[in-house]
1. Between ASP73, ASP52, which is surrounded by fewer than 18 Cβ atoms within 10 Å (Cβ to Cβ) and in contact with a strand residue (DSSP E or B) (Cβ under 7 Å, 6 or more places away or on another chain)?
2. Restrict the check to region 8-19 and report whether at least one residue is surrounded by 11 or more Cβ atoms within 10 Å (Cβ to Cβ), among the acidic types (Asp, Glu) and in contact with a Ser or Thr (Cβ under 6 Å, 6 or more places away or on another chain).
3. Pick out the one residue from GLU43, GLU65, GLU91, GLU108 that is surrounded by fewer than 19 Cβ atoms within 10 Å (Cβ to Cβ) and without any contact (Cβ under 8 Å) to a residue 40 or more places away in the chain.
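Just so it is clear, none of the values below were taken in a lab; they were calculated from the coordinates. Source: prediction; values computed, not measured. Heads up, the Cβs are rebuilt from the backbone with ideal geometry, glycines too, and the neighbour counts pull from every protein chain shown.
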Amino acid sequence: MTKKKPQTQPYEPTAQESDIVAMHIDKVKNQKPAPSLKFVKNEKGKLSVNVDHKDQAVGWTLYMESLGSADSDFVVGFTNQLINEGSTGSEPKENETNYLLSIVRGIEPRDPLETMLALQMGAIHNATMTFARWLATVTAIPQQDSAERALNKLARTFTTQIEALKRYRSTGEQKVTVQHVTVNEGGQAVIGDVTAGVGNKNSEELPHAKQIAYAPSETLSRQLEAVGETVSSSSG
């Protein structure tokens, strides 16, 4: 006669764990939809680049909006550079490319300049991790010195990029001071300052963050399909 396995009780999260899970769910709900890239090979082995979305027109619009641009030429060129930088070896790597894309989107670029800087920051981060791994594995002193120098330069570059992004985003920020006078009972006047930031708007209020009113054209789709072939030939 076989013994019955004891039933395991479902895990009961703590109150703190439940709060964190709830906050995470809210964060996911509030994220703007932005599809990943999907590499597809046809029967001839030709690689095309699509977005992971049921409707390609809608998907490419969301993709472009997540990069802060409505310019198809910029998006095609950027996507080509993204795949080249995000892929190691002779074949484009979908997972590595989408990881680099997630770094770019995590910075929430508002225009093409911020998108380019975000990609550079992602590339510098990847290179920093490469040399950090190398420094941890090499044993020869000259190799250690070389890896350490490269690692320090890359880390300083990344910090400089962060400061550059902060300065660019704060450009044009102004302060408007409005004097208001409150007359209390008895005739005593209290003068105070009301300071409001101008130019430091939410992304939803910025002109470049307005939703694209049209779906990407067939020309854009054909250009993006050609990206995969370009990457494959340049990687070989």
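1. Exactly one of ASP73, ASP52 is surrounded by fewer than 18 Cβ atoms within 10 Å (Cβ to Cβ) and in contact with a strand residue (DSSP E or B) (Cβ under 7 Å, 6 or more places away or on another chain), namely ASP52.
2. Checking region 8-19: not a single residue is surrounded by 11 or more Cβ atoms within 10 Å (Cβ to Cβ), among the acidic types (Asp, Glu) and in contact with a Ser or Thr (Cβ under 6 Å, 6 or more places away or on another chain).
3. The conditions single out GLU43.
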